[in-house]
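*Asks:* Below is one structure. I have some questions about it.
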Amino acid sequence: MALMRYAEALNAALREEMTRDPSVFLFGEDIGRYGGVFKVTRGLQEEFGFNRVRDTPISEQAMTAMAVTAAMTGTRPVLEIMYADFMPLTLDALVNQASIYEYIWNGQVKMPFVLRTQGGGGAGAAAQHSKSLDSMVAHIPGIKVVAPSTPADAKGLLKSAIRDDQPVVFLEHKLLYNMRGEVPEGDDVLVPLGAASLAREGTDVSIFATSRMVHESLKAAEALAEKGISAEVIDLRSLKPLDLNAIKKSIAKTNNAVVVNEGWNFCGYAAEISATIMDHCFDDLDAPVARVTMPDMPIPYSEPLEMAVLPNAEKIVAASLQTLA
Amino acid sequence: MKNSPSIDEQIEIFRKMHVVRQLEEKLGALHKEGKTRGPIHRCDGQEAIGVAATAMLDDTDYVMSTHRGHAHYIGKGLDVYPVVAEIFGRETGSCAGRAGHMLVADASKGMIGGNAIVGASIPAATGAALSNQVLGRDAVSMCIFGDGAAQTGICHEAMNMAALWKLPIVFVLEHNQFGLTVDTDMQSPIDDLSIRAAGYGMPSEIVDGNDPVAVYRAVGAMVERARRGEGPGMVEAKTYRLEGFSTSDMGGYQKDEDIAAWKARDPLKIAFDQLKAEVGEDKLKTIEAEAVAEVEAAFEKALSDPFPEFELFDASAAYSEVV
């Protein structure tokens, strides 16, 4: 084990995979000489050269489309899109290109690329630099979506994503980059895609959370424990494919479910998890599924306004209590 | 490129152009009988570009095409039979009936795709060129796109990066005068779209797109340059779309005198005239008849082939375990 920041864990994953496989290369805005605006790619251009760590012009549409075909012609590109808010610019490449070819070309091509981006609020970055658009990408068949909440998962999931033969959108969170945590050592320590993780065991209510909301949910579970309520926290981490068994198993035990996600409420990722629970766990539920999400409005700038719209531990506690009432 | 294409190459180009024309005419006839499915985008009149521009490429070179790609598919070496079978949704199609006529691919031939999002083939080909450069391969990538696609924003992004990084790619602008029904002077303030190449520091050349030899020479020079690592180039091939946007086009916006003028310069006639002294008219007519027979046989076989069986695509399932 080594104590690492989340950004350092991502950097280690990139370095190890680039060393292991010469077909892995990185491109994105400010990722080379500057090392990325969140310093995830620090030192990699020095180590691997411009051919494999490329600074790009501001061209998200073309860059994403290029990642798709670079992937189908023998490389494993890792593309950085600086903010998740810029993801709408990438959508033709994801929706109309990356997601279709493996199927419509009957397996003639593989599509091993990773689109890394970061989202989330709480940093005063305002309405165009704070969003979580998880459901927008998770909606697309053929695209995997991953969102690590710890340094260990950041490293292990990114390594798995790079080795995967399908497109993976890798969602980081701007407020997690400085988080420290123990990371297992070894080049081949992977975290598999498609598996949730049990962040805290409990028996009364299941809280299903993504990305930074896992930590808010753990705080909520502490507060609930003080009230004598035992909350289980499941880190969904692989948003798609989703670990349905982990959800079913937890609800079979607690009979109550709260879903927490920083995206908008309507048609959001939490809405999908809620519907999935309805489809598969209805008979195990004692109460309707509760959602803790972003209200359906732009994210305001001023600190008290931004804090008012973000999901947090207090709102998760309130939703859990209501579910159990 | 002065002595190229060779006579043998020219004969092969001539043959493939006839395969494409026969394919288009046959599809038109079957559409009238209500026997085709979905819109079909014919390329009658544009055969010289798709066939001659791809004639000097190897199977390891990549071509990214458009929604009007039949000449590109045949040019890049796909047999007509699996293409016809794909157009009719058969199990024996190039993509087992999953893709349809706009999205045909044969990765073994380096044809990675028709693309029905106008403009999308431009970054697509650029990405394949990037891959070639990263891996140090000497393969080139070719983007065939139209005057409509040239107006998209992504065209600028991709060409800028291609030129910035000296990627091994050739942009072949098939200027057929129309973006669906909107003619070129309603789409752009300039006639010669390839003057934009200068803005990227990229060489360009304008050619008669109905002359297969001219297309071959201009594109071939750019391909050699790209293969030597000297970066991208653009060829603007002027042509005319004779048969409307697609089989669902109701027409009425193409001028009769324009159609007549371009028909008088049919690329098949030009190819014939370029070869007749060297090869002889009889031999050319035999080649033409063989091409027609090949297409006839392809339709006959494809139309009696079975349809594919439906299966869910587990690789894109939302849940990590089978539900």
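Read-outs throughout are calculated quantities, based only on the coordinates presented, and are distinct from any laboratory measurement. In this text the structure is predicted, and so the values were computed from the model without any measurement. With ideal geometry, Cβ positions are generated from the backbone for all residues, glycine too; neighbour counts draw on all protein chains shown.
*Asks:* What number results when the radius of gyration of segment B:1-146, computed over Cα atoms, is divided by 2.2 N^0.38 Å?
*Replies:* Working: Rg = 15.1 Å, N = 146, 2.2 N^0.38 = 14.6 Å.
Segment B:1-146 yields a ratio of 1.04.
*Asks:* I need the shape label for segment A:102-175. Rule: rounded when a/c is under 1.5, else prolate if a/b > b/c, else oblate, with a, b, c from the alpha carbon gyration tensor.
*Replies:* oblate
*Asks:* What does the average come to when, for each residue of peptide A:55-65, you count the partner chain Cβ atoms lying within 10 Å of its Cβ?
*Replies:* Mean partner shielding for this stretch: 6.
*Asks:* Taking segment B:282-323, how much of its Cα-Cα pair set, in percent, is spaced more than 12 angstrom apart?
*Replies:* 74 percent
*Asks:* As a test of understanding, state the convex hull volume per residue of segment A:98-240 from its alpha carbons, in Å³.
*Replies:* Considering the Cα atoms of segment A:98-240, their hull volume per residue is 131 Å³.
*Asks:* Out of all Cα-Cα pairs in chain B, roughly what percent, to the nearest whole number, are more than 39 Å apart?
*Replies:* Here the long-distance tail beyond 39 Å is 10 percent of all Cα pairs in chain B.
*Asks:* Put a dot 7 Å past each Cα toward the Cβ at B:Val292 and A:Met278; how far apart are the dots in nm?
*Replies:* 6.2 nm
*Asks:* Right, another one. Post the alpha-carbon centroid distance, segment A:116-172 to segment A:16-75, in whole angstrom.
*Replies:* Spelled out, the Cα-based centre of one part sits 17 Å from the other.
*Asks:* In Å, the Kirkwood hydrodynamic radius of segment B:199-287 over pairs of distinct alpha carbons? Don't jump to the answer; show the numbers that get you there.
*Replies:* Numbers: mean 1/r = 0.0636 Å⁻¹.
Evaluated over segment B:199-287, this radius sits at 15.7 Å.
*Asks:* Something else about it: Over the Cα atoms, compute the radius of gyration (one decimal) and Dmax (the largest Cα-Cα distance, rounded to a whole number) for chain A, in Å.
*Replies:* When restricted to Cα atoms, chain A yields Rg and Dmax of 19.3, 59 Å.
*Asks:* Please name which of B:Ser246, B:Ala226, B:Val215 has its Cα lying farthest along the dipole of segment B:147-260 towards the positive end, using unit charges on Cβ (Lys, Arg +1; Asp, Glu -1) and the Cα centre as origin.
*Replies:* Going by the charge dipole, the pick is B:Ala226.
*Asks:* Return the tail of the calculated pair distribution for the protein assembly as shown, meaning the percent of Cα-Cα pairs more than 31 Å apart.
*Replies:* Distances greater than 31 Å cover 56 percent of the Cα pairs.
*Asks:* Determine one quarter of the surface area of the Cα convex hull of segment A:191-241, which equals its mean projected area, and express it in nm² to one decimal. List each step's numbers first, then the result.
*Replies:* On the way: hull surface 13.2 nm².
So the Cα hull casts an average projection of 3.3 nm².
*Asks:* Related question: Hey, with R₀ at 45 Å, roughly what FRET efficiency would A:Glu222 and A:Asp187 work out to, going by the Cβ-Cβ distance, to 0.05?
*Replies:* Approximately 0.80, to the nearest 0.05.
*Asks:* Then there is this: What length, rounded to one decimal in nm, is gained on full extension from A:Thr19 through to A:Tyr301, with 0.36 nm per residue of separation minus their alpha-carbon distance? Walk me through the intermediate numbers first.
*Replies:* On the way: separation 282, 0.36 × 282 = 101.52 nm, distance 4.14 nm.
Residue separation times 0.36 nm, minus the Cα-Cα distance, leaves 97.4 nm.
*Asks:* Three principal axis extents, largest first, for the C-alpha atoms of segment A:1-119, in Å?
*Replies:* 44, 30, 28
*Asks:* Residues of segment A:297-324 with amide nitrogen under 15 Å from the 7 Å Cα-to-Cβ point of A:Phe266?
*Replies:* A:297-299
*Asks:* I want to check the label-to-label distance for B:Glu91 and B:Leu303. Put each point 7 Å from Cα in the C-beta direction and report it in nm to one decimal.
*Replies:* Label-label distance for B:Glu91 and B:Leu303, simple model: 2.1 nm.
*Asks:* Here's a follow-up. Could you size up the charge dipole of segment B:61-126 around its Cα centre, putting +1 on the beta carbon of Lys and Arg and -1 on that of Asp and Glu, and report it in debye to the nearest 20? Let's see the in-between values first.
*Replies:* Values: 5 positive and 5 negative charges, 23 e Å.
It works out to roughly 120 debye.
*Asks:* Mind scanning A:Lys131/A:Lys315; A:Lys144/A:Lys315; A:Lys144/A:Lys219 and naming the pairs with a C-alpha gap bigger than 21 Å? Each step should come with its number before you reach the end.
*Replies:* Working: A:Lys131/A:Lys315 19 Å; A:Lys144/A:Lys315 29 Å; A:Lys144/A:Lys219 28 Å.
Correct reply: A:Lys144/A:Lys315; A:Lys144/A:Lys219.
*Asks:* With 22 Å as the limit, write out which pairs from B:Lys35/B:Lys283; B:Lys16/B:Lys263; B:Lys26/B:Lys255; B:Lys16/B:Lys301 have Cα-Cα distances beyond it, or answer none.
*Replies:* Table pairs above 22 Å Cα-Cα are B:Lys35/B:Lys283; B:Lys26/B:Lys255.
*Asks:* Two decimals is fine: what is log10 I(q)/I(0) at q = 0.09, 0.17, 0.18 Å⁻¹ for segment A:177-318, from a Debye sum with one equal scatterer on every Cα and no solvent?
*Replies:* Evaluating at q = 0.09, 0.17, 0.18 Å⁻¹ gives log10 I(q)/I(0) of -0.28, -0.96, -1.05.
*Asks:* How large is the convex hull of the C-alpha atoms of segment A:265-320 per residue, in Å³?
*Replies:* Dividing the Cα hull volume of segment A:265-320 by its residue count gives 76 Å³.
*Asks:* For B:Ile195 and B:Lys32, FRET efficiency with R0 = 35 Å and r from the beta-carbon atoms, rounded to 0.05?
*Replies:* On the way: r = 41 Å, r/R0 = 1.16.
My answer for the efficiency is 0.30.
*Asks:* Let me spell out the model: positive unit charges on the Cβ of Lys and Arg, negative unit charges on the Cβ of Asp and Glu, origin at the Cα centre of the protein assembly as shown. What dipole size does that give, in debye rounded to 20? Provide the component values of the computation, followed by the final result.
*Replies:* Values: 60 positive and 90 negative charges, 182 e Å.
So the magnitude is around 880 debye.
*Asks:* How are the Cα pair distances of segment A:20-69 distributed, in percent, across 10 Å bins from 0?
*Replies:* 27, 53, 20
*Asks:* Quickly estimate the mean residue ellipticity at 222 nm for the protein assembly as shown, helices only: each DSSP H run with n ≥ 4 gives -39500 (n - 2.57), and the total goes over all residues, rounded to 500.
*Replies:* Helix-only estimate at 222 nm: -12000 deg cm²/dmol.
*Asks:* Next question. Return the loop-located chymotrypsin sites (Phe, Trp or Tyr not before Pro) in segment A:85-177 (DSSP other than H, G, I, E, B) with at most 10 other Cβ atoms within 10 Å of their own Cβ; answer none if there are none.
*Replies:* Those that pass, being in a loop and sparsely packed, number zero.
*Asks:* Full extension from B:Glu311 to B:Asp185: what is 0.36 nm times the residue separation minus their Cα-Cα distance, to one decimal in nm?
*Replies:* So the chain would gain 40.7 nm between B:Glu311 and B:Asp185.
*Asks:* Moving on. Calculated FRET efficiency, B:Lys276 and B:Asp58, Cβ-Cβ r, R0 41 Å, to nearest 0.05?
*Replies:* The calculated FRET efficiency here is 0.90.
*Asks:* Right, next: Going toward the positive end of the dipole of the protein assembly as shown, with +1 on Lys and Arg Cβ and -1 on Asp and Glu Cβ, which of A:Leu242, B:Ile11, B:Val118 do you reach last?
*Replies:* Value computed over the given set: A:Leu242.
*Asks:* Please identify the trypsin sites (Lys or Arg not before Pro) of segment A:21-83 that satisfy two criteria: DSSP loop assignment and at most 12 other Cβ atoms within 10 Å. Which are they?
*Replies:* A:Arg33
*Asks:* Cα gyration tensor of segment B:163-202, axes a ≥ b ≥ c as square roots of the eigenvalues: rounded (a/c below 1.5), prolate (a/b > b/c) or oblate? The partial results should precede the final answer.
*Replies:* Details: a/c = 3.55, a/b = 2.04, b/c = 1.74.
Prolate shape, in that a/c is at least 1.5 and a/b is the bigger ratio.
*Asks:* Quote the charge dipole size of segment A:217-259 about the Cα centre in Debye, to the nearest 20; the model charges only the Cβ of Lys and Arg (+1) and of Asp and Glu (-1).
*Replies:* Here the size comes out at about 180 debye.
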